1. What is the one condition in (1) more than 15 Å from residue 4 (Cβ to Cβ); (2) touching a strand residue (DSSP E or B) at 6+ places or on another chain (Cβ under 6 Å); (3) loosely packed, with under 11 Cβ neighbours inside 10 Å that residue 25 does not satisfy?
2. Filter segment 74-112 down to residues that are in contact with a strand residue (DSSP E or B) (Cβ under 7 Å, 6 or more places away or on another chain) and assigned to a loop (DSSP other than H, G, I, E, B) and give me whichever is surrounded by the fewest Cβ atoms within 10 Å (Cβ to Cβ).
3. Just to be sure, is residue 121 over 13 Å from the mean Cα position of the chain (by Cα), within 23 Å of residue 17 (Cβ to Cβ), surrounded by 13 or more Cβ atoms within 10 Å (Cβ to Cβ) and touching a residue at least 12 places away in the same chain (Cβ under 8 Å)?
4. Kindly provide the set of residues from segment 10-20 that are within 18 Å of residue 83 (Cα to Cα) and either exposed (fewer than 11 other Cβ atoms within 10 Å of the Cβ) or touching a residue at least 40 places away in the same chain (Cβ under 8 Å) (or both), ordered by number.
5. How many of the residues in segment 1-53 are within 30 Å of residue 142 (Cβ to Cβ) and within 20 Å of the chain's Cα centre (by Cα)?
6. Within segment 33-73, how many residues are closer than 21 Å to residue 114 by Cβ, assigned to a loop (DSSP other than H, G, I, E, B) and in contact (Cβ under 8 Å) with a residue 60 or more places away in the chain?
7. Does segment 127-142 contain at least one residue that is closer than 19 Å to residue 11 by Cβ and not in a helix (DSSP H, G or I)?
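Here, each number is a calculation from the coordinates, and none is a lab measurement. These numbers come from a predicted model, not from an experiment. Please note: Cβ atoms are built from the backbone with ideal geometry, for glycine as well, and neighbour counts cover all protein chains shown.
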């Protein structure tokens, strides 16, 4: 848990370049995600944090967050541009393509609770995968994960 607490990133800055393949319109979005006050508690099987997300200089979220590791069902790491493609397609915009600069990797915790998903952003894919492996171990010890008999 100490490893997870120490390795979750502080601040990740990026630019999304968005292209609409139907209209030909291009756009950019300057984003930032800052994670502070990370506290990983093995006894409670919980990770608490405070996160602040800005887009184009405007604060979109500034709130406390948490993850109950017993509710984590799946852990994934993927490039942020791939994740953005998925999110846009699911929202009804498969015609939009996205490039992220610099490359950012998203560690996704799929959950069974009402929030459904938590994610952390990393510049370093190797570190994202190491943290994912540590989180998977913590989830297993806490009794989370997919509890399928077969």
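1. (2)
2. 102
3. Here the answer is no, as residue 121 does not meet what is asked.
4. If the condition is that a residue be within 18 Å of residue 83 (Cα to Cα) and either exposed (fewer than 11 other Cβ atoms within 10 Å of the Cβ) or touching a residue at least 40 places away in the same chain (Cβ under 8 Å) (or both), then 12, 14, 15, 16, 17, 18, 19, 20 are the ones that fit.
5. Qualifying residue count for the region: 30.
6. Count: 1.
7. no
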